[in-house]
Amino acid sequence: MMAKTILVVAEVKGGGLRKTSFETLAAGRMVAGKTGGELAAVLVGSGLDAAAAMLAEHGVAVYAIDDPSYATYSSETFTAALVRLAQEKNAGHVLFADTSFGKDLAPAVAVRLDAALATDVVAMEVQSDGYLKVVHPIYTGKVNAEYVLQNKAVQVVSLRPNIFTAGAASGSGRVEKMAWPVQTPPRAVVQQVIMGGGGKVELAEADIVVAGGRSLKSAENFALVEQLADVLGGAVGASRAAVDAGYQPHSRQVGQTGKVVNPTLYVACGISGAIQHLVGMRTSKVIVSINKDPGAPIFANSDYGIVGDLFEVVPALTAELRTVLGK
């Protein structure tokens, strides 16, 4: 297979690059090393100079599709820009992070490029023929399926956050601005953007997540979870039962109908461990569960378990961590 460009789609949020951009770049570097293709990153948006310069510090070519007409996200316009770039740069692989941004764009880009597609990938390797072999969880995470993406000129993949380790800045790359304003107005126009309360740390990207369940009994009691997360420098999550009860917004829901997280440490407070919740967090590196029911299913999927009343255990744990960590 002829070496082609490995195109990494980076994501900007709040003017800065998301951590997943560097994780995806690390995955792209692995593919480039095996195929001999050029590694490049692409940004789409408005006012991208700082983000593009930061990406270039990782020693890659950066294509910045930078125009005021991309200031507001549109699946149609972003897809068109990415497809045009992939075609012009002879991309053989297009990599996304499996965030809401990547979940929306990867399938659309794959269809337009007539590409092979794999989403929510948790492991990936390049075969001797240059095709990718990927691992994708199926059946609510009970089974990992292996696929080989072949018989297509382009392969599009979205990678689960926190799987690949982001590399440090390692050189000086070039930045090329693409003067490509939107040519065809999108059929749907965003009138207003309402930002959800995501907390201090982005849930999907957090290295530490502290989540609470319906056992907290009220929104006010979630302060216990928030205090523990604050001490650990982590993000706050919630089970679907807690969200349905109105204790937390849906933006914090972890599980099959919420967000999939893959932190180094996941602390479950008063969560029983229904399969729908486990789907969203079972790949966490270390799982610590606090529940007064010794038969709670969550314990079967935990590395450490504390059988006790969360209203006693969580404050005591928070206080001890404050002492140990000096916070």
Report summary line: If we keep only residues of the range 205-245 that are within 16 Å of Gly258 (Cα to Cα) and assigned to a helix (DSSP H, G or I), then the residue modelled with the lowest pLDDT is Glu205
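Rundown of residues vs (1) among the charged types (D, E, K, R); (2) touching a helix residue (DSSP H, G or I) at 6+ places or on another chain (Cβ under 9 Å), yes/no style:
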{"residue": "Ala123", "(1), (2)": "no, no"}
{"residue": "Lys152", "(1), (2)": "yes, yes"}
{"residue": "Ile163", "(1), (2)": "no, yes"}
{"residue": "Ser172", "(1), (2)": "no, yes"}
{"residue": "Val189", "(1), (2)": "no, no"}
{"residue": "Ala204", "(1), (2)": "no, yes"}
{"residue": "Arg214", "(1), (2)": "yes, yes"}
Report task. Report the residue count in the range 301-321 for those that are at pLDDT 95 or above, over 12 Å from Cys269 (Cβ atoms) and part of a helix (DSSP H, G or I). Result -> 4
Requested in this report: Can you confirm whether the range 275-295 contains a residue that is crowded, with 23+ Cβ neighbours inside 10 Å, in a loop (DSSP other than H, G, I, E, B) and free of Cβ contacts under 8 Å to residues at least 40 places away in the same chain?
Outcome: yes
Requested in this report: Scan the range 298-327 and report the pairs whose first residue is among the polar types (S, T, N, Q) and whose second residue is part of a loop (DSSP other than H, G, I, E, B), with Cβ atoms within less than 8 Å and a gap of 6+ or a chain change.
Outcome: Asn301/Gly273; Asn301/Arg282
Query raised in the report: Of the numbered conditions (1) closer than 24 Å to Gln276 by Cα; (2) modelled with pLDDT of 95 or more, Ala123 satisfies every one except a single condition; which is it?
Result: (2)
Report task. Would you please list the contacts, defined by Cβ atoms under 8 Å and residues six or more apart or on different chains, that run from a residue in the range 221-250 that is on the phi > 0 side of the Ramachandran plot to a residue that is at pLDDT 95 or above and assigned to a strand (DSSP E or B)? Result -> Gly233/Ile208
Query raised in the report: Which of the residues that make up the range 91-114 are among the acidic types (Asp, Glu), under 13 Å from the mean Cα position of the chain (by Cα) and either not in a helix (DSSP H, G or I) or not assigned by TED's automatic domain parsing to the domain that holds Thr79 (or both)?
Result: Asp98
Query raised in the report: Can you spot a residue in the range 19-28 that is surrounded by 18 or more Cβ atoms within 10 Å (Cβ to Cβ), at pLDDT 95 or above and in a loop (DSSP other than H, G, I, E, B)?
Result: no
Query - Filtered residue count, the range 85-107, keeping only those that are polar (S, T, N, Q), under 30 Å from Ser251 (Cβ atoms) and in contact (Cβ under 8 Å) with a residue 24 or more places away in the chain - result: 1
Query raised in the report: Among Tyr70, Tyr63, which is the only one that is closer than 19 Å to Gly16 by Cα, modelled with pLDDT of 95 or more and crowded, with 21+ Cβ neighbours inside 10 Å?
Result: Tyr63
Report task. Test Thr140 against the stated conditions and say whether it is of a type in the set (Ser, Thr, Tyr) and touching a Gly at 6+ places or on another chain (Cβ under 9 Å). Result -> no
Query raised in the report: Can we say Tyr266 is out of contact with any Lys or Arg (no Cβ under 6 Å at 6 or more places or on another chain) and either assigned to a strand (DSSP E or B) or surrounded by fewer than 19 Cβ atoms within 10 Å (Cβ to Cβ) (or both)?
Result: yes
Query raised in the report: Any idea which of (1) over 27 Å from the mean Cα position of the chain (by Cα); (2) exposed (fewer than 15 other Cβ atoms within 10 Å of the Cβ) is the one Tyr304 doesn't satisfy?
Result: (1)
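The values are calculated or read from the model by the stated rules, or taken from the named source; none is laboratory data. Please read all numbers here as calculations on a predicted model, not as lab measurements. Quick reminder, even Gly has a Cβ in these numbers, built from the backbone with ideal geometry, and neighbours come from all protein chains shown.
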